[in-house]
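K.L.:
The following block contains the structure, expressed as structure tokens.
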Amino acid sequence: MNSVKLLGAVTATLLVTGCNTGQPRIWRVAYDTSRVDFVDNSSCYIGNRVPQARTAQSNYRRDANWVIWDGVADQSGQLKQYLDIGTPKFKLGDSPEVVVEDVIEGDAALRSFTAERQVARFGPMERGRNAIETLVGRITVLWDNYNPAATGLITINSEYKCVDNGQMQSDQCPRGGGGDPVGREAANCSVQVSFVARRIDVTQATNYSNNGCDGAGCSTPVP
């Protein structure tokens with residue numbers, strides 16, 4: 001009789017410990033966007049002038065569903081992980097908009113995920129120029145831990161670069177000032193915001209989307 005009870009206990013243990021084997025981890029995340037929606041750093045604006053018109057807010061948080069899953073080790077033995085935070089957009093002052101469109105590869109040991117996108121184009125078009133502008137958007141998500149109640153930091157960087165493309169004025173970057181104003185996104189900015197996350201428990205039978213979600217459509221966690 002005792003042996004039957006023991007076997008039952010072992011079976012139950014296997015079921016419990018194996019229920020999440022291989023399953024991506026799903027997190028319910030909240031973070032403060034007040035420093036993003038209105039940046040108070042003058043260097044983030046053209047002419048270093050903080051606009052007088054602003055929207056102040058307190059205790060509002062952006063909610064999101066994030067997904068993390070394990071990858072494989074690279075040639076150096078570093079284990080990769082992948083983080084999907086949906087497709088949020090961040091507009092920091094007058095700097096170029098930072099748009100997240102894909103999953104972010106990261107270092108499993110450091111719990112750090114960084115992605116960067118550079119877009120080169122001719123412009124500024126609104127100034128009738130044909131110089132070469134480069135817009136750089138970078139996002140880093142650093143987790144303090146992967147506990148059921150986790151915390152971390154989001155760092156958003158936006159950079160603008162412009163180089164002349166010829167000797168004609170139409171091929172050169174605007175020099176700034178009233179006589180030759182720069183383009184609409186000619187500023188650099190960096191903002192950090194903290195986040196809190198709650199892991200959503202799942203089983204092998206849980207249906208989930210491998211896409212993260214950010215914004216109003218995330219009010220109901222998915223699974």
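The values are calculated or read from the model by the stated rules, or taken from the named source; none is laboratory data. What you see is a predicted model, and the numbers here were worked out from it, not measured in a lab. Note that each Cβ is placed from the backbone with ideal geometry, even for glycine, and that neighbours are counted across all protein chains shown. Side chains are part of the model used for accessible areas, which takes the heavy atoms of the whole protein and leaves out ligands, DNA and RNA. Shrake-Rupley method; radii C 1.70, N 1.55, O 1.52, S 1.80 Å.
K.L.:
Give the ranking of Glu126, Glu185 by solvent-accessible surface, highest area first, calculated with a 1.4 Å probe.
P.N.:
Glu126, Glu185
K.L.:
Count charges around Tyr31 for me, please; just the other residues with Cβ under 9 Å from its Cβ, Lys/Arg as +1, Asp/Glu as -1.
P.N.:
0
K.L.:
Let me ask something else about it. Could you tell me which chymotrypsin sites (Phe, Trp or Tyr not before Pro) in segment 130-198 are loop residues by DSSP with no more than 16 other beta carbons within 10 angstrom of their beta carbon?
P.N.:
Working: sites: Trp143, Tyr146, Tyr160, Phe195; in loops: Tyr146.
When the chymotrypsin sites (Phe, Trp or Tyr not before Pro) of segment 130-198 are filtered for loop state and at most 16 Cβ neighbours within 10 Å, Tyr146 remain.
K.L.:
How high is the FRET efficiency between Asp37 and Asp74 when r is their beta carbon distance and R₀ equals 41 Å, given to the nearest 0.05?
P.N.:
0.65
K.L.:
Something else: Quick one: with all protein chains in place, what share of the accessible area of segment 66-185 is carbon or sulfur, to the nearest percent (1.4 Å probe)?
P.N.:
Carbon plus sulfur share of accessible area: 50 percent.
K.L.:
Please calculate how many Å² of accessible area segment 60-131 carries per residue, with a 1.4 Å probe and no DNA, RNA or ligand atoms counted.
P.N.:
Dividing the accessible area of segment 60-131 by its residue count gives 54 Å².
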